[in-house]
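Accompanying notes for the structure given below.
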Amino acid sequence: MTITIQFPDTLKWGAATASYQIEGAAHKDGRTPSIWDTFAHAPGNVKNGDHGDEACDSYHRYKEDVQHLKDLGVDLYRFSISWSRVIPQGTGDLNPKGVAYYSNLIDELLENGIEPMITLYHWDLPQVLQENGGWESRATTDAFHDYAVAMFNEFGDRVKKWITINEPWCASFLSNYLGIHAPGKTDLQAGVDVAHHLLLAHGKAVQSFRELVPDGEIGYAPNVGWLQPYTPSEADKKACERSMMWQKEWFMDPVFKGSYPEELVHLFEEHQAVLKLEEGDLDVISQPIDFMGLNYYTGSLGRYKEDGGLFQVEEIPLDERRTDIGWPIYADGFYRVLTNIHETYGDVPIYITENGACYNHEVENGTVNDQERIDYLKQHLTSLQRAIQAGVPIKGYIVWSLLDNFEWAEGYEKRFGIIHVNFRTFERTRKDSYYWYKQTVTNKWFER
């Protein structure tokens, strides 16, 4: 039986990228290294020794990429600014050539009927700031505020949708406690400090945004997975709640409730990591925002396991289906995340700022048949439509990613794009998923 999945006419559709993953031109026109340049060039950190020096060469090919967006028919393009490209010393003077690149990109988007959505921080902290303590230092929150204000002043007349921080869990705990991403530390205290300072930086930027871009919208983009208890036992339920709290409540309660979850505060303290709150911090962090961005890729079943790490949980995939990066496919978790956030935090408008799948298909006879990605998108967009019908205020859906790109610690092996990139020639080839997504964007429905 064929079922039609219909979306509201008001839903915005988009595609996303991030600066270090696509731009390249790492040493051009005054850009200085970020922590990802340093991390990627250190042996053993990234598969195959890959780095973002050239990436997709979008710095030189942005007009071509905008044409792909125009033909795709999307309303929004979410991209990030390379902090060290626009402020090479992390603080102080702007780099005119770096600013000009983003100004030209914005103009190109607007001329082609595409609304820009800017992410201020997608993980590429200027290395010079890392050498002065990085996000472990409260001073970096002031540097970020000044950077944000400079960008609001430069682009706020043309750009009305802004995201402060992308995936703060990844930028803090994955990067400073688990050591998988830059700067590669393995210190829980560092993870807690960075997480708090990212949220504080977010709040400081929001405060100034209200004055500088009064007709704009601002939010942030946490990433959340879903763990469904393996059994109805209290132990399994609590294990899943603790683990999800690390991504969800730890980064959402301070913004929407003005407090951190006490259970995690105490758990971190038991492991000698202390939340260093100063007077007024939570007032700054809990500044009202206009929307939440949400990044969702995967989920699983979870059950209590005494030696299961910090949160005593063991993940058990619902079935054997995984994407090529090894992540379980759990589309129902997407629905559960969205309805849970709505139940917990109320009518916060939500943009899905990232959702997509890694499948490593290559070009054959001029085409890329990535039916698995289409199937993944169908499943997750069905969950999205369910959430909309359940009353969750979804404002937009932005697929990750427009292009195959530098996939962080995985290098160039893992492909998330709806457009294939040949990383030697930089040739772009539209995949079957590009054409499927274009049709869905145009029709505002699909059949499954």
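Compute the signed sum of charges (Lys and Arg +1, Asp and Glu -1) over the other residues within less than 13 Å, Cβ to Cβ, of Phe416. All intermediate terms of the calculation are to be shown ahead of the outcome.
Numbers: positive: Arg373, Lys414, Arg415, Lys431; negative: Asp324, Glu354, Asp370, Glu372, Asp404, Glu407, Glu410, Glu413.
Around Phe416, the charge tally is -4.
Ranking Lys431, Lys70, Lys185 by solvent-accessible area of protein heavy atoms (1.4 Å probe, all protein chains present), from largest to smallest, gives Lys70, Lys185, Lys431. With contacts taken as Cα pairs under 8 Å at a separation of at least 6 residues, the chain carries a relative contact order of 18 percent. Label the chain by shape, choosing from rounded, prolate and oblate, from the square roots a ≥ b ≥ c of the eigenvalues of the Cα gyration tensor; if a/c is under 1.5 it is rounded, and otherwise prolate applies when a/b is larger than b/c, oblate when it is not. Here the chain falls in the rounded category. Taking all Cα-Cα distances within region 361-448, those exceeding 14 Å account for 67%. The distance separating the Cα centre of region 14-33 from that of region 66-118 comes to 10 Å. Computed in the context of the full set of protein chains, the accessible area of the chain at 1.4 Å probe radius has 46% of its extent on carbon or sulfur. Per the Kirkwood formula applied to alpha carbons, region 214-265 shows a radius of gyration over Rh ratio, Rg over Rh, of 1.12.
Which shape class applies to region 295-448: rounded if a/c is under 1.5, otherwise prolate when a/b exceeds b/c and oblate if not, where a ≥ b ≥ c are the square roots of the Cα gyration tensor eigenvalues?
Details: a/c = 2.10, a/b = 1.28, b/c = 1.65.
Oblate, because a/c is 1.5 or more while a/b does not exceed b/c.
Among the listed pairs Lys63/Lys160; Lys204/Lys248; Lys70/Lys161; Lys238/Lys378; Lys63/Lys161; Lys305/Lys414, those whose Cα-Cα separation exceeds 25 Å are Lys238/Lys378; Lys305/Lys414.
Which percent of the Cα-Cα distances in region 377-424 go past 15 Å? Write out the running numbers ahead of the final one.
On the way: 642 of 1128 pairs.
Counting pairs separated by more than 15 Å, the tail of P(r) holds 57 percent.
With helices as the sole contributors, the chain gives -12000 deg cm²/dmol at 222 nm; each DSSP H run of n ≥ 4 counts as -39500 (n - 2.57), and the sum is divided by every residue. Placing unit charges on the Cβ atoms only, positive for Lys and Arg and negative for Asp and Glu, gives the chain a dipole magnitude near 920 debye about its Cα centre. Quick one: check the C-alpha center-to-center distance for region 215-255 versus region 139-156, whole angstrom. Each part reduced to its Cα centre gives a spacing of 29 Å.
Accessible surface for Trp436 stands near 30 Å², nearest 10, in the context of the full protein assembly shown (1.4 Å probe). Based on every Cα atom in region 138-196, Rg and the maximum pairwise Cα distance Dmax equal 14.0, 41 Å.
A cut-off of 5 Å between modelled amide H atoms, ignoring neighbours fewer than 5 places along the same chain, links Asn95 with Ile87. Within the shell defined by Cβ-Cβ distances under 12 Å, the residues around Phe39 carry a net charge of -2, with Lys and Arg each +1 and Asp and Glu each -1. Based on protein heavy atoms only, region 205-325 ends up with 47 Å² per residue of surface accessible to a 1.4 Å probe. Principal semi-axes of the equivalent ellipsoid, √(5λ) from the alpha carbon gyration tensor of region 238-364, are 29, 21, 13 Å from largest down. The rule of thumb for compact globular proteins, 2.2 N^0.38 Å, goes into the C-alpha radius of gyration of region 3-52 1.87 times.
Label point 7 Å out from His271 along Cα-to-Cβ: which residues of region 214-244 have amide N under 15 Å? The answer is 239-244.
Can you tell me the alpha carbon radius of gyration of region 169-277 divided by the globular rule-of-thumb value 2.2 N^0.38 Å? Show your work: numbers first, answer last.
Numbers: Rg = 15.6 Å, N = 109, 2.2 N^0.38 = 13.1 Å.
With N residues counted in region 169-277, Rg over 2.2 N^0.38 Å equals 1.19.
Here the spin labels are modelled as points 7 Å beyond Cα on the Cα-Cβ line, and at Glu279 and Asn340 they lie 3.7 nm apart. Using only alpha carbons, region 40-117 has a radius of gyration to Kirkwood radius ratio (Rg to Rh) of 1.05.
With only Lys, Arg, Asp and Glu charged, each at its Cβ (+1 for the first two, -1 for the last two), find how big the charge dipole of region 251-401 is about the Cα centre; round to the nearest 20 debye.
Working: 11 positive and 26 negative charges, 128 e Å.
Around 620 debye, computed over region 251-401.
Solvent-free Debye calculation, one equal scatterer per alpha-carbon of region 269-317: log10 I(q)/I(0) at 0.14, 0.25, 0.26, 0.33 Å⁻¹ equals -0.76, -0.91, -0.93, -1.18. Here the label points at Lys28 and Ser208, each 7 Å from Cα along the C-beta direction, are separated by 2.9 nm in the simple model. When only Cα pairs below 8 angstrom with a gap of at least 6 residues are kept, region 198-291 shows a relative contact order of 40 percent. Between Glu362 and Thr231, the simple label model (points 7 Å from Cα in the Cβ direction) yields a spacing of 4.8 nm.
The values are calculated or read from the model by the stated rules, or taken from the named source; none is laboratory data. Remember, predicted model here, so these are calculated numbers, not experimental data. Every residue, glycine as well, gets a Cβ built from its backbone with ideal geometry; the counts of neighbours run over all protein chains shown. We work out accessible area using only protein heavy atoms, side chains counted, and drop any ligands, DNA or RNA first. Shrake-Rupley method; radii C 1.70, N 1.55, O 1.52, S 1.80 Å.
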